[in-house]
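The block underneath contains the structure these notes are about, expressed in structure tokens.
The values are calculated or read from the model by the stated rules, or taken from the named source; none is laboratory data. The structure presented is a predicted model; accordingly, all values stated were derived computationally and were not measured. Counting neighbours? That spans all protein chains shown, and the Cβs are built from the backbone with ideal geometry, glycine included. Note: areas computed on protein heavy atoms with side chains; ligands, DNA, RNA excluded. Shrake-Rupley method; radii C 1.70, N 1.55, O 1.52, S 1.80 Å.
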Amino acid sequence: MADPHRPDTDKSTESVAADGDKPAAAAEAAWIEVIRKMDEVYSDLIRYEVDLEQKNAALEQAQQFIGSVMASMSDILVVCDQKGRIVQVNPALLHLTSFSLDDLAGQPLSILLAEQDAQVFRPGCMVSEHEARLKSKDGGFTDLVAMNCSPRLERDRRPPGMVIVGRPVGELRQAYEALHDAHLDLKRAQLQLVQAEKMASLGRLVAGVAHELNNPVSFVYSNVHTLSRYREKLARYLEAVHAGVDQDIREDMRRNLKIDKLMADFGPLIEGTLEGSLRITEIVKNLRKLSFVDPTENQKVNIAEVARNALQWVKRSGKQLINLEDHLPKELMVEGIEGPLHQVFVNLIQNAVDAMKSVPHPLITLSGRRLGLQVVIVVRDNGSGIPADNLSKVFEPFFSTKGIGSGTGLGLWVSWSIIRDHGGRIEVANSPDGGAAFTIILPAA
């Protein structure tokens, strides 16, 4: 039987053993936590290393890109820090001055520029353009260089440095002169093409004029020839009268030479000759009106009469029989220059005639009216019309649906320009019943 006053040795031993295991377990748990933390730190280091390598590769690519761009620049480039010392230059500057990058790195800008020019470029400044000569390694100077300067802000927000970009003035002048020469050549070519179109219109006009002049010239020629024969008869009769021949002989000569009929015919012959001469004068006067030399001031022009005359010129100069419907009023007055306006209608009508070559019964319709402060004239044909894709192109220079050698492609563009210069506009559309319709809108006089 156990003594109640004696301690229980077995229980005491177990308690001591349990108390001894607690520090060991705690130490083991601490080591496990340390190892876990080391694993986390190692993983982070690996991840940071991968990120760093990727960023380093991107940085190298960016540096290579910037280097390739700088190497490809034909303009010179100089980068300076906030104290005006050279940090970077591109190969174009090295090639121009024969310096190397080691010669220039860390040097003041005065190594490249004369003192007065170096004073112009200060860190943080903005220079739109300054022409100066750069120093070269052999002690000489380069040609003039046009340089611009912009501030370059440092990453840590320190006072800004600067970036200088320049190009030799000789190259700029050469480029400008080449551009100027090209512009002059283009203007000359454009003028020649416009003149060619005017000459084409003039050719059509001359064909009509030749037909128009033929009748009165033939009439005058015939009358003058008749008057010449009458003069010979009168001369013989007057010679006999002045010679004092007998009255019977004189009367026989009067009957044989038909002096009475001759004298009666003088009046109509002279009137006819004068009429033919006046007709020729009128044609010449109209030709002077239709001169392509612009007068100094606009004049009042009956545009309806101009359109009719242009139609007659085209009809007489062509071989195709054209029917006409004239719905124009007797008078539609605008302010302008008759010659160029005549050219517009000749171009439009000639295009209409060309578009109706395969039409059995070609028809041109002229119509017009005044609408408020505007005059509207429509030239319509019964051809095949204009393809929808070409409606927006017909007034472009050099656009033509005709074959090579059949036109310059400038007729409608010249017409559009003339109408525009008169303060109006010209429109084109296909008629619902077929054919094309050109509408000219001008300010009314």
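A few points about this structure:
- Prolate/oblate/rounded call for region 321-400, Cα gyration tensor, a/c under 1.5 rounded: oblate
- Vicinal HN-Hα couplings computed from phi for region 72-82 (Karplus, 6.51 cos²θ - 1.76 cosθ + 1.60; Hz; Gly/Pro x): 8, 5, 7, 6, 7, 9, 10, 10, 10, 7, 5
- Amide H contacts of GLN88 (H built 1.01 Å from N, under 5 Å, at least 5 apart or other chain): VAL79
- Evaluating kT/(6 pi eta Rh) at 25 °C and 0.890 mPa s, with the Kirkwood radius of region 78-188 over Cα pairs in the Stokes-Einstein relation, gives 163 µm² s⁻¹.
- Probe 1.4 Å, all protein chains present, accessible-area order of TYR221, TYR48, TYR237, largest first: TYR221, TYR48, TYR237
- Semi-axes of the equivalent ellipsoid for region 327-369, Cα gyration tensor, largest first, Å: 24, 15, 5
- Table column - 3J(HN,Hα) (Hz), region 27-42, Karplus curve with 6.51, -1.76, 1.60, x for Gly and Pro: 5, 5, 5, 5, 4, 4, 5, 5, 5, 4, 5, 5, 4, 4, 5, 5
- Here ASP138 sits with roughly 130 square angstrom of accessible surface, probe radius 1.4 Å.
- In region 344-383, the trypsin sites (Lys or Arg not before Pro) that fall in loop regions by DSSP, at most 16 other Cβ within 10 Å: LYS357
- Share of alpha-carbon pairs per 10 Å distance bin for region 45-142, given as whole %: 14, 38, 27, 13, 7, 2
- With contacts taken as Cα pairs under 8 Å and at least 6 residues apart, region 45-104 reaches a relative contact order of 22 percent.
- Remark on GLN374: its backbone amide H falls under 5 Å from those of ALA444, a criterion applied only to residues 5 or more positions apart or on other chains, H modelled at 1.01 Å from N.
- Inter-label distance, nm, simple model (7 Å from Cα along the C-beta direction), ILE46/GLN107: 5.2 nm
- Rounded to the nearest whole Hz, the Karplus-based 3J(HN,Hα) values (6.51 cos²θ - 1.76 cosθ + 1.60, θ = phi - 60°) of region 413-423 follow the sequence 5, 4, 4, 4, 5, 5, 5, 4, 5, 8, x, with x at glycine and proline.
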